[in-house]
Amino acid sequence: MQRQKSLFYKKIKCHCGQNFKFQKERKHNCYICSNYANYRKCARFVVQEELLLEFIKRYCEDKKIEFKNNNEFINSILNYIYIREDNSIDFVYHDKSYQVYSSNLIKYTTNE
């Protein structure tokens, strides 16, 4: 039996150049920089999957797209997520639009 990949497999990029990897923390699905997790050579910044999905749901609502919580759907709309050094989060979609959330999770830029 093949193991199912996480929803954001190779989709979350860190400012250090590495991907974020999936892990469970206190029963929550989370992502952490693989450079930190493996070598402690980056800052520890954990992003909960639930939070990422909430931002993608907002995008879907804005675009009037039916949200689906599965790998195929996520891959069909999302190009990548970039975590900046200040912990703000950029979502870059295949339709060339993007969302940027500051480290306090307030959306401050959208390109439509």
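Couple of notes before you dig in:
- The calculated 222 nm mean residue ellipticity attributable to helices in the chain amounts to -7000 deg cm²/dmol, summing -39500 (n - 2.57) over DSSP H runs of n ≥ 4 and dividing by all residues.
- Residue among C42, C14, C30 with the largest mean-square fluctuation in a Gaussian network model of the chain, springs linking Cα atoms under 10 Å: C42
- Computed on the chain, with alpha-carbon pairs under 8 angstrom and 6+ residues apart, the relative contact order is 18 percent.
- This ranking places F45, F67 by how few other beta-carbon atoms lie within 10 Å of each, fewest first, which gives F67, F45.
- Among N69, N29, N87: highest mean-square fluctuation, GNM of the chain, C-alpha pairs under 10 Å: N69
- Residue order for I77, I56, fewest other beta carbons within 10 angstrom first, comes to I77, I56.
- On full extension, the segment bounded by N87 and F67 gains 4.6 nm, given 0.36 nm per residue less the C-alpha separation.
- One chain, two ends: N79 and R58. Fully extended at 0.36 nm per residue, the span grows by 5.9 nm beyond their Cα-Cα distance.
- Extended-chain gain in nm, criterion 0.36 nm per residue less alpha-carbon gap, A43 and F22: 6.0 nm
- Only one of [x] 41, 39, 24; [y] 41, 37, 28; [z] 71, 31, 17 was calculated from the structure for Cα extents along the principal axes in Å, and its label is [x].
No value in this document is a laboratory result; all are computed from the given coordinates. Please read these numbers as outputs of a predicted model, since none were measured by experiment. A quick note on method: Cβ atoms are made from the backbone with ideal geometry, for glycine too, and the neighbour counts reach across all protein chains shown.
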